[in-house]
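The values are calculated or read from the model by the stated rules, or taken from the named source; none is laboratory data. Every value quoted in this text rests on a predicted model; they were computed, and no experiment measured them. Virtual Cβ from ideal backbone geometry, glycine too; neighbours counted across all protein chains shown. With ligands, DNA and RNA removed, areas are computed over all heavy atoms of the protein, side chains included. Shrake-Rupley method; radii C 1.70, N 1.55, O 1.52, S 1.80 Å.
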Amino acid sequence: GESVGLHLPTLSVQEGDNSIINCAYSNSASDYFIWYKQESGKGPQFIIDIRSNMDKRQGQRVTVLLNKTVKHLSLQIAATQPGDSAVYFCAVGWTLTFGGGTRLMVKP
Amino acid sequence: DTAVSQTPKYLVTQMGNDKSIKCEQNLGHDTMYWYKQDSKKFLKIMFSYNNKELIINETVPNRFSPKSPDKAHLNLHINSLELGDSAVYFCASSQEGGDYGYTFGSGTRLTVV
């Protein structure tokens, strides 16, 4: 089966700094990975995904890095803004096994 | 314009009651899901369903049953509600082979008293 873990339950950053949220997964055969953002009172919202044939993918202010050797996934947010404050989840596999979430708090 | 909509947003009910949560998606997706999010924010899949197959997470009690009147709807019916059923329930949908992962509804907060 698949298990997904996150290294930090809460991450506090200063506005304008870069944020890095990490995720570890257990199944080396996993081939699809997604990051979601969940704001208070809302459902998870897709941020960015990556397939296992890639090791990096960039979006608007976000970058996902995939290290299949150590089964590690990270989400980098550039120039973090107060609106980025939320809980971030990594999810693995086409049937979405979610990690436990990291709360990102942005200090003005 | 809401892509995945769930009703009600809040549901407070007594133990032992039977309740339903409705979900509709207007994205034309072929698969729908129910997830449960506990108080620690952990998201766990309960069901996935398309017009061909219902996949049930074996840890879900049989008091929970999905009902799909058509491709755009997947309702969640819960019998004999228990205190431990209190959580936020999310409906989601996806298109096989599509991008952008799953689209989630805004959730239904169920409180059993």
### Message
For B:Glu53, what accessible surface area do you get with a 1.4 Å probe? Give it in Å², rounded to 10.
### Response
110
### Length-normalised contact order for chain A - Cα pairs under 8 Å, 6+ apart - percent
37
### Query
Considering only protein heavy atoms and a 1.4 Å probe, what is the carbon-and-sulfur percentage of the accessible area of the protein assembly as shown?
48
### Query
Restricting the count to DSSP beta bridges whose residues both fall in the stretch B:4-112, what percent are antiparallel, rounded to a multiple of 5?
90
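May I ask you to compute the full-extension gain from B:Tyr10 to B:Ile55, defined as 0.36 nm times their residue separation minus their alpha-carbon distance, rounded to one decimal in nm? Intermediate results must be reported in sequence, preceding the final value.
Working: separation 45, 0.36 × 45 = 16.20 nm, distance 2.63 nm.
The span from B:Tyr10 to B:Ile55 would gain 13.6 nm if fully extended.
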### Query
How big a patch of accessible area, both sides summed and in Å² to the nearest 100, lies buried between A and B at a 1.4 Å probe?
1300
### Message
Please compare each pair in A:Lys56/B:Lys71; A:Lys68/B:Lys71; B:Lys41/B:Lys67 to a cut-off of 29 Å on the Cα-Cα distance and tell me which ones are over it.
### Response
A:Lys56/B:Lys71; A:Lys68/B:Lys71
### Task
At a 1.4 Å probe radius, which order do B:Lys40, B:Lys19 fall into by accessible area, largest first?
B:Lys40, B:Lys19
### Task
In nm, give the distance between the simple-model label positions of B:Thr111 and B:Leu27, each being 7 Å from the Cα along the Cα-to-Cβ direction.
3.0
### Query
Among B:Thr59, A:Thr102, what's the order by accessible area (1.4 angstrom probe), most exposed first?
B:Thr59, A:Thr102
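Can you list the trypsin sites (Lys or Arg not before Pro) in the stretch B:41-108 that are in a DSSP coil and have 10 or fewer other beta carbons within 10 angstrom? Numbers along the way, then the final one.
Values: sites: B:Lys41, B:Lys44, B:Lys52, B:Arg63, B:Lys67, B:Lys71; in loops: B:Lys41, B:Lys52, B:Arg63, B:Lys71.
Hits after loop and neighbour filter: B:Lys52.
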### Task
Would you calculate the separation in nanometres between label points at B:Lys41 and A:Lys42, each defined as 7 Å from the Cα along the Cα-to-beta-carbon direction?
1.5
### Query
What figure in square angstrom, to the nearest 10, would you give for the accessible area of A:Ile48 with a 1.4 Å probe?
10
### For the stretch B:71-76, 3J(HN,Hα) per residue [Karplus equation, 6.51 cos²θ - 1.76 cosθ + 1.60, θ = phi - 60°, Hz, x = Gly/Pro]
4, 8, 10, 9, 9, 10
